[in-house]
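The structure under discussion appears below in the form of structure tokens.
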């Protein structure tokens with residue numbers, strides 16, 4: 001957990017949002033209320049106390065400088081949400097948060113990309129961001145963590161990257177890509193990631209795709225029931241009905257490719273692979 005930013009101010013805001021007094025927090029921490037008051041006024045929360053305070057207040061990233069905690073009807077009982085704004089000033093923090101989550105995964109990451117993000121010129125990712133993290137990619141290659149993703153392919157470079165990743169990583173048994181063919185019109189889906197079915201991300205589009213980037217954001221959930229089951233079932237439904245991209249003769253990949261390119265271009269792509 002980062003300890004930069006404004007920890008005292010963030011603590012004061014978290015107390016207000018949770019309707020918890022400094023006195024009550026002090027009692028739970030078994031310290032005097034003057035300690036809590038000093039942490040806020042001096043804008044310094046002892047590192048050793050951060051995890052315990054987060055547990056008591058059920059918030060995450062208390063000291064991260066650019067995170068805003070949202071209250072919803074479900075917050076207190078089921079759902080604790082981090083809102084990460086996607087603009088130039090916050091891009092580094094967003095990537096750091098993603099990297100922390102990837103570093104903490106010990107089972108799997110599930111990921112869907114069912115929208116045409118790349119029609120925005122600045123979305124240059126030809127492969128999932130997760131696989132650009134070399135530490136995570138190494139763990140997938142070594143079979144220590146699974147990475148499964150479902151895509152609708154809208155661009156040839158994205159398809160080629162998925163095929164290259166399958167060729168490089170599938171032998172580990174920890175990587176798999178499935179697909180749906182491009183629908184004739186927009187369908188109601190959302191961008192989705194799951195880290196070990198503990199943390200979930202909705203959104204996370206490229207930060208410069210909008211003319212009003214300050215209104216773009218991603219929500220990272222630490223979900224509790226019943227929302228955990230909802231997201232788990234959403235993933236299972238998407239995954240179980242999708243078609244594996246890789247097969248022995250690349251017949252499935254060819255089916256996708258011919259919606260994106262000519263037979264001659266597909267032949268060239270196969271030769272590159």
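The values are calculated or read from the model by the stated rules, or taken from the named source; none is laboratory data. Note that this is a predicted model, so its numbers are computed, not measured. Every residue, glycine among them, receives a Cβ derived from its backbone with ideal geometry; neighbour counts consider all protein chains shown.
What the table below lists for this structure:
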{"item": "Of all residues making up region 184-206, the number that are part of a loop (DSSP other than H, G, I, E, B) and either outside the structural domain of residue 147 (by TED's automatic domain parsing) or modelled with pLDDT under 85 (or both)", "result": "12"}
{"item": "Criterion (in the same structural domain as residue 114 (by TED's automatic domain parsing) and either assigned to a strand (DSSP E or B) or at pLDDT 95 or above (or both)) met by exactly one of 233, 237, 225, 264", "result": "264"}
{"item": "Odd one out for residue 140, checked against (1) within 15 Å of residue 244 (Cα to Cα); (2) crowded, with 20+ Cβ neighbours inside 10 Å", "result": "(1)"}
{"item": "Pairs where the first residue, in region 30-57, is at positive phi and assigned by TED's automatic domain parsing to the domain that holds residue 20 and the second is assigned to a helix (DSSP H, G or I) and exposed (fewer than 15 other Cβ atoms within 10 Å of the Cβ), C-beta under 7 Å, 6+ apart", "result": "43/9"}
{"item": "Long-range neighbours under 9 Å by Cβ, at least six apart or interchain, first residue on the phi > 0 side of the Ramachandran plot and at pLDDT 90 or above within region 159-173, second loosely packed, with under 15 Cβ neighbours inside 10 Å and assigned to a helix (DSSP H, G or I)", "result": "none"}
